[in-house]
1. State whether one or more residues within segment 26-44 are closer than 23 Å to residue 94 by Cβ, touching a helix residue (DSSP H, G or I) at 6+ places or on another chain (Cβ under 8 Å), part of a loop (DSSP other than H, G, I, E, B) and at pLDDT 95 or above.
2. In this structure, does residue 103 turn out to be touching a helix residue (DSSP H, G or I) at 6+ places or on another chain (Cβ under 7 Å), buried (at least 18 other Cβ atoms within 10 Å of the Cβ) and among the hydrophobic types (A, V, I, L, M, F, W, C)?
3. Quick check on residue 176: is it closer than 30 Å to residue 8 by Cα, in the same structural domain as residue 121 (by TED's automatic domain parsing) and in contact with a strand residue (DSSP E or B) (Cβ under 9 Å, 6 or more places away or on another chain)?
4. The conditions are (1) buried (at least 18 other Cβ atoms within 10 Å of the Cβ); (2) more than 28 Å from residue 8 (Cα to Cα), and residue 220 fails exactly one of them. Which is it?
5. Please find, among 25, 47, 38, the residue that is assigned by TED's automatic domain parsing to the domain that holds residue 185, within 18 Å of residue 127 (Cα to Cα), touching a residue at least 12 places away in the same chain (Cβ under 8 Å) and in contact with a Leu (Cβ under 9 Å, 6 or more places away or on another chain).
6. Take residue 141 and decide whether it is closer than 30 Å to residue 73 by Cβ, at pLDDT below 95 and exposed (fewer than 15 other Cβ atoms within 10 Å of the Cβ).
7. What tally of residues in segment 32-46 results from selecting those that are of a type in the set (A, V, I, L, M, F, W, C) and farther than 15 Å from residue 16 by Cβ?
8. Do any residues in segment 56-85 that are in contact (Cβ under 8 Å) with a residue 60 or more places away in the chain have Cβ atoms under 6 Å from those of residues that are in a helix (DSSP H, G or I), where the two are at least six apart or on different chains, and which pairs are they?
Amino acid sequence: MTATTYELRGTVAWLTINRPEARNALNSEVREGLFAGARRFNHDDAAKVLVLTGAGDRAFCAGGDLKEMADTELRVPPLDFLPQFGRNIEVAKPTIAAVNGIAYAGGFLLAQNCDLCIASETATFAISEVKVGRGAPWAVPLSWLIPPRVAMQILLTGDPIDAARAYELGLVNDVVPAADLHEATQRLAERIAANAPLSVLAAKQTVRLVAENSLTRAYEEAERIWEPVYLSQDAQEGPAAFRDRRRPKWRGR
């Protein structure tokens with residue numbers, strides 16, 4: 001049994017952590033598989049959206065494999081210890097976390113770093129590092145995603161929050177019954193994949209501009225990002241399809 005699986009469902013790639021017996025903990029084989037899956041997605045022209053999830057119904061990912069950490073006496077994890085989308089591996093196309101259970105520590109990291117997050121009603125989220133004496137430098141973006149005082153509470157207590165609370169905070173986009181998680185996530189991914197690809201890629205880049213730049217600079221960067229979209233063939237195809245009452249035929253150029 002492989003530690004991760006990659007499956008293309010139409011235009012949607014599903015990257016699954018496949019260690020349900022260990023709550024999908026991040027041992028070395030899983031980490032290598034996640035890097036390989038992300039690279040495969042980057043080079044897979046047929047895949048427009050990536051969904052990241054965990055096998056089984058108990059855990060999305062419980063975080064690092066503490067037994068392995070103890071055996072290897074892991075100290076400061078290297079930057080490439082685990083894929084962090086947008087930090088140590090670029091993933092230009094959209095990503096969605098389908099959280100089917102606990103998402104703790106490194107599992108929280110994976111969900112946080114995806115562009116969107118759909119959670120089952122049974123999902124719980126925690127940055128549990130303070131309970132085991134470990135660190136969470138990867139949590140820096142959290143106070144951009146949710147209110148800083150809530151981020152502080154999550155980090156200082158290590159206590160989990162349930163899916164409903166995560167939705168209230170804006171940490172997840174939607175909460176669905178566990179039995180509907182895969183179908184709901186697939187539908188969302190397909191709606192994204194059906195849109196003009198150049199516009200989708202530019203939209204993803206635009207969202208984080210204010211977090212990284214002053215407002216004036218963010219506007220300048222946005223103009224630079226979107227100009228090639230305006231000048232593309234797809235920018236003419238969209239209005240033409242509307243005029244002709246037909247579905248657009250996107251070319252990605």
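The values are calculated or read from the model by the stated rules, or taken from the named source; none is laboratory data. Just so it is clear, the structure is predicted and the values come from calculations on it, not from any experiment. Cβ: placed from backbone, ideal geometry, glycine included. Neighbour counts: every protein chain shown.
1. Within segment 26-44, none of the residues are closer than 23 Å to residue 94 by Cβ, touching a helix residue (DSSP H, G or I) at 6+ places or on another chain (Cβ under 8 Å), part of a loop (DSSP other than H, G, I, E, B) and at pLDDT 95 or above.
2. So residue 103 fits the description; yes.
3. The answer is yes for residue 176.
4. Status for residue 220: all satisfied but (1).
5. Exactly one residue qualifies, and that residue is 25.
6. Criteria not met by residue 141.
7. Adding up the residues that qualify gives 1.
8. From segment 56-85, the pairs are 60/107; 63/106; 63/107; 64/106.
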